[in-house]
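Comments concern the structure below.
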Amino acid sequence: MTAYTPPTDDIRYVMTHVADLDGILSTERFGHVDAESLNAVLDEVGRFMADEVAPTNVDGDRIGSQWLPDGTVVTPDSFKPAYDKWVASGFGAMPFDSEFGGADFPWISAIAVQEIFTSSNMALSLAPLLTQGAIDAILAHGSDEQKATYLPKMMTGEWTGTMNLTEPQAGSDVGAVATKAEPNGDGSWSITGQKIYITYGEHDLAEQIMHLVLARTPGSAPGTKGISMFLVPKYVLHDDGTPGERNGASCVSIEHKVGIHGSPTCVMAFDGATGWLVGNEHDGMRNMFTMMNNARLSVGLQGLSLAERAYQQSLEYAQDREQGTAIGAAKGTSSAIIEHPDVRRMLMTQRSWIDAMRALVYTNAAALDRAEAASDPDETRRWRELADLLIPLSKSLCTDVVNESTSLALQIHGGMGYVEETGVAQHYRDARIAAIYEGTNGIQAADLVGRKLAMRGGGVITDLLDEFEARADALAAIDGMSTFADRLREAVVTARTATAHLLETGPTDPRSLLGASGPYLRLLGTTVCGGLLAKSAIAASAADDFDGAFLAARITSAKFFGEQILPTATGLLAAVTSPADDLYALAADQLT
Ligand SMILES: Cc1cc2nc3c(=O)[nH]c(=O)nc-3n(C[C@H](O)[C@H](O)[C@H](O)COP(=O)(O)OP(=O)(O)OC[C@H]3O[C@@H](n4cnc5c(N)ncnc54)[C@H](O)[C@@H]3O)c2cc1C
C-alpha cells in the first residue's frame with residue numbers, strides 16, 4: 001500500500017500556467033483572494049488529506065458502510081473522525097457565498113481541494129460532493145428563508161445533502177420520475193415514492209441530512225416539464241432551527257457494489273415525508289441543470305484524482321519490483337521492472353494523461369470562474385460557452401481514461417494487482433462508477449453533439465481550434481517540439497473535419513449523429529487535451545517559478561502526449577463520419 005503524496009506543485013503549475021489563475025484573481029469578483037493565501041491553503045489541505053484522510057481509504061473498501069435493520073447506516077470507524085476534522089477545517093466552505101459562511105473563493109480552488117480529497121478517499125469525498133450539489137441548488141433557487149435556515153450548516157459540512165433523482169424506471173430518463181408531492185395546505189408538501197442509488201442517503205457522519213427530491217405535483221404535465229424540486233430534511237427543524245422530529249424519509253437498504261464501498265448507496269423510501277418546494281413548481285429539471293455543470297465537472301475530476309493515486313502506487317511498485325534483466329543492464333543482474341520499455345510505456349501513458357486531464361479540468365473550472373466574474377455580457381457569454389463545451393469533455397474523457405489508466409496501474413503490479421493485498425485494485429474498482437453516474441458518458445456524448453456542437457453554429461469549437469492552430473506555431477518554435485506541433489495541427493484539421501461533418505449531416509440524420517457521439521467526444525477531447533498541453537509545454541519552456549527538473553518533466557510529459565497519444569484522435573475520424581447504418585446492420589434480435 002503506497003502513501004498518497006498530494007501533487008500540490010502539479011496543481012499549482014496547472015492553475016498558474018494553463019488555467020490563468022492570475023486572470024481569475026485580477027477580477028473584481030475574486031480580487032480579495034491572493035495567490036499566496038491560496039498556496040498556503042493548498043499546502044494545508046495536502047497535509048491534512050495525506051495524514052488524516054488518505055489512511056482511511058482502505059477501510060472504506062474492506063469494511064464498507066453497513067445497513068442495520070433499524071434503517072441506520074454505519075460508516076467505517078475511521079470515517080467519522082476524519083469527516084469531523086474536515087468540518088472543523090472549514091475547507092469545504094471555501095468556494096461558497098460569504099453571506100452564508102463561505103469565503104467566496106473561486107471554483108478552481110474548490111476543484112484543487114476536491115482533487116486531493118478524492119485521491120485520498122473517493123468514497124468519503126462523496127458526502128461533501130453531494131452536499132455541494134444541494135448547496136448549489138438551494139443557493140440558486142431556494143427562498144431567502146431556506147438559504148438562511150439550511151445553508152450555513154451545509155456549507156460547513158455539519159449537515160450533508162443528497163440529490164434524489166433516480167427511480168427504478170427513471171435513470172437516464174429523469175422525465176419518468178413518479179414520486180408524488182401533494183400539498184399539505186400549510187405551504188409544505190407531502191412526498192411519497194421510492195428513490196434508488198442515493199449517495200449518502202443515510203449515514204452517521206452528520207446530525208442532519210437535507211434531501212433534494214424530484215417529484216410530481218398533482219396534475220403535472222408528463223415528462224421533464226412536470227417535475228418539481230423539494231427540500232426534505234431527515235429531521236424537520238424546530239422553530240429555533242435545530243433538528244426536531246424524524247421525517248418520513250428512510251433508507252430501506254444499501255447496494256453492494258463494485259467499488260466505493262465506503263459510500264452508502266441507498267434505496268430511499270419517502271412515505272408522506274414533509275418537504276418544501278425549491279424554486280417554482282414544475283421548474284425542477286431546469287433547477288437541476290443550473291447545478292449540473294459543477295457536479296459534472298466534479299465527477300470528471302474523480303477520474304483525474306483516481307488516476308493520480310493509482311499512478312503513484314504503480315510507480316512505486318515499478319521502482320521496487322525486480323524481474324529479468326533490462327536491456328543495457330549487466331548480465332545476470334536483476335532489474336527493476338521500471339527499466340523495461342513496456343512498463344515505461346504504461347507509466348508514461350498514465351503520467352501524460354494525468355497532466356492532460358488536469359489541464360482540461362482546471363481550464364474548465366477557470367472558465368466557470370471567469371464567466372461568473374466577467375462584468376461585460378459578451379465576455380460572460382464567451383466564458384460560459386467555453387465552460388459549457390468543456391463540461392461533457394471533462395466528465396466523459398476523464399472518467400473513461402481513468403478506467404484505462406487504473407487498469408494500467410493494476411497491470412504494472414502483475415499478479416499482485418489482481419489480488420487485493422496491494423490495494424491498487426481498489427482504485428480500479430472505485431473509478432468504474434464515475435463513467436456511469438451524473439449522466440452516463442453516453443448521455444454526455446449526446447449532450448456534446450445535441451447541444452454543445454451547435455453553439456454559435458459550431459463557432460465555440462472553431463474558436464478553440466483556431467487558438468490551438470496558432471499555438472502549434474508557437475510550439476514549433478521550441479527546440480524538440482516540431483513533431484508535437486505537427487501532430488497538433490493534424491488533430492485540429494481532423495477535429496474541424498469531424499465537426500463540419502456532424503454539423504452538416506446531423507440535422508437530417510440524427511441517428512448517425514448520436515451514433516458518432518462517443519468517438520467524436522474522444523476525438524475532440526483528446527485534441528483539446530493536446531492543445532492545452534501545448535500551452536503547458538510552451539509555458540514550462542519559459543517559466544522560472546518552479547524547479548528546473550519539474551518544468552522539464554512537464555515538457556517531456558506534454559511531448560509524449562503530443563507525439564504518441566494525440567495521433568489517436570485522427571484515427572477516430574472514420575467512426576465519426578461513418579453512418580449509423582453500420583450499427584444497425586444486424587437487427588436487434590440478430591446481435592447474437
Ligand atoms: C454508486 C451510484 C451512486 C449513485 N448516486 C446517485 C445519487 O446520489 N442520486 C441519484 O439520483 N442517482 C444516483 N445514481 C444513479 C445514476 O445517476 C444512474 O445510475 C445513471 O443516471 C444511469 O441510470 P440507469 O442506471 O438507470 O441506467 P440507464 O439509464 O438504464 O442506462 C443504461 C445504458 O443505456 C444508455 N442509455 C440510456 N438512455 C440513453 C439515451 N437516451 N441515449 C443513449 N444512451 C442511453 C446509458 O448510457 C447506459 O449505458 C447513482 C448510481 C450509482 C451506481
### Query
Scanning for something crowded, with 24+ Cβ neighbours inside 10 Å, more than 18 Å from Arg358 (Cβ to Cβ) and small (Gly, Ala, Ser), does region 551-573 turn up at least one residue?
yes
### Task
Could you tell me which residue of region 381-439 is nearest to the ligand (Cβ to nearest atom), considering only residues that are under 18 Å from the mean Cα position of the chain (by Cα) and not in a helix (DSSP H, G or I)?
Tyr437
### Hits in region 463-516 (condition: within 16 Å of the ligand (Cβ to nearest atom) and surrounded by fewer than 16 Cβ atoms within 10 Å (Cβ to Cβ))
Pro510, Arg511
### Task
Report whether or not Trp353 is more than 16 Å from the chain's Cα centre (by Cα), assigned to a helix (DSSP H, G or I) and either surrounded by fewer than 19 Cβ atoms within 10 Å (Cβ to Cβ) or at pLDDT 95 or above (or both).
no
### Query
Has region 241-259 got at least one residue that is touching a Leu at 6+ places or on another chain (Cβ under 8 Å), part of a strand (DSSP E or B) and among the hydroxyl-bearing types (Ser, Thr, Tyr)?
no
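In region 230-276, which residue that is of a type in the set (D, E, K, R) and within 16 Å of the ligand (Cβ to nearest atom) is farthest from the chain's Cα centre (by Cα)? Walk me through how you get there before you give the answer.
Of the residues in region 230-276, the ones of a type in the set (D, E, K, R) are 234, 239-240, 245-246, 255, 257, 271.
Subset that is within 16 Å of the ligand (Cβ to nearest atom): 234, 255, 257.
On the way: Lys234: 27, Glu255: 22, Lys257: 20 Å.
The residue in question is Lys234.
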### Query
When region 163-180 is examined, which residues are found to be part of a strand (DSSP E or B) and within 16 Å of the ligand (Cβ to nearest atom)?
Met163, Asn164, Glu167, Ala170
### Task
Of all residues in region 190-201, count the ones that are more than 9 Å from the ligand (Cβ to nearest atom) and surrounded by fewer than 24 Cβ atoms within 10 Å (Cβ to Cβ).
4
### Query
What number of residues within region 112-158 are within 16 Å of the ligand (Cβ to nearest atom) and among the aromatic types (Phe, Trp, Tyr)?
0
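Does Asp239 qualify as being surrounded by fewer than 18 Cβ atoms within 10 Å (Cβ to Cβ), at pLDDT below 95, out of contact with any helix residue (DSSP H, G or I) (no Cβ under 6 Å at 6 or more places or on another chain) and over 17 Å from Ala134 (Cα atoms)?
yes
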### Message
Restricting to region 125-147, and then to whatever is among the aliphatic types (A, V, I, L, M) and out of contact with any Gly (no Cβ under 9 Å at 6 or more places or on another chain), can you tell me which residue is nearest to Asp59 (Cα to Cα)?
### Response
Leu129
#### Entry: Residue that is surrounded by the most Cβ atoms within 10 Å (Cβ to Cβ) [pool: residues in region 421-446 that are charged (D, E, K, R) and modelled with pLDDT of 95 or more]
Asp430
### Summary
With the first residue restricted to region 306-335 and required to be closer than 14 Å to Ala425 by Cα and touching a residue at least 40 places away in the same chain (Cβ under 8 Å), and the second required to be of a type in the set (Ser, Thr, Tyr) and not in a helix (DSSP H, G or I), Cβ contacts under 7 Å at 6 or more apart or on different chains are Arg309/Tyr4; Gln312/Thr2; Gln312/Tyr4; Gln312/Thr5; Gln313/Thr2
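One line per residue, one yes/no per condition, for (1) touching a strand residue (DSSP E or B) at 6+ places or on another chain (Cβ under 8 Å); (2) not basic (Lys, Arg):
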{"residue": "Ser253", "(1), (2)": "yes, yes"}
{"residue": "Val258", "(1), (2)": "no, yes"}
{"residue": "Thr265", "(1), (2)": "yes, yes"}
{"residue": "Trp276", "(1), (2)": "yes, yes"}
{"residue": "Asp283", "(1), (2)": "yes, yes"}
{"residue": "Arg286", "(1), (2)": "no, no"}
{"residue": "Arg296", "(1), (2)": "no, no"}
{"residue": "Ser305", "(1), (2)": "no, yes"}
{"residue": "Arg309", "(1), (2)": "no, no"}
### Query
Can you find a residue in region 134-143 that is surrounded by 22 or more Cβ atoms within 10 Å (Cβ to Cβ), of a type in the set (Val, Ile, Thr) and in contact (Cβ under 8 Å) with a residue 24 or more places away in the chain?
yes
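Name the residue, out of Ile209, Ile196, that is modelled with pLDDT of 95 or more, part of a strand (DSSP E or B), closer than 13 Å to Ala269 by Cα and not small (Gly, Ala, Ser).
Ile196
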### Query
Do the conditions hold for Gly300, that is, is it within 20 Å of Glu404 (Cβ to Cβ) and among the small types (Gly, Ala, Ser)?
yes
### Tally, over region 144-173, of residues that are free of Cβ contacts under 8 Å to residues at least 40 places away in the same chain and either touching a Phe, Trp or Tyr at 6+ places or on another chain (Cβ under 7 Å) or of a type in the set (Asp, Glu) (or both)
5
#### Entry: In region 84-121, the residues that are surrounded by fewer than 24 Cβ atoms within 10 Å (Cβ to Cβ) and of a type in the set (Ser, Thr, Tyr)
Ser89, Ser98
### Message
Among the residues that make up region 285-304, is at least one of them small (Gly, Ala, Ser), outside any helix (DSSP H, G or I) and surrounded by 23 or more Cβ atoms within 10 Å (Cβ to Cβ)?
### Response
no
### Query
So is Val449 away from the ligand (no atom under 16 Å from the Cβ), assigned to a helix (DSSP H, G or I), among the β-branched types (Val, Ile, Thr) and out of contact with any strand residue (DSSP E or B) (no Cβ under 6 Å at 6 or more places or on another chain) or not?
no
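The values are calculated or read from the model by the stated rules, or taken from the named source; none is laboratory data. Quick caveat, the model's predicted, so the values are computed rather than measured. As a convention, Cβ positions derive from the backbone with ideal geometry for all residues, glycine included, and neighbour counts pool all protein chains shown.
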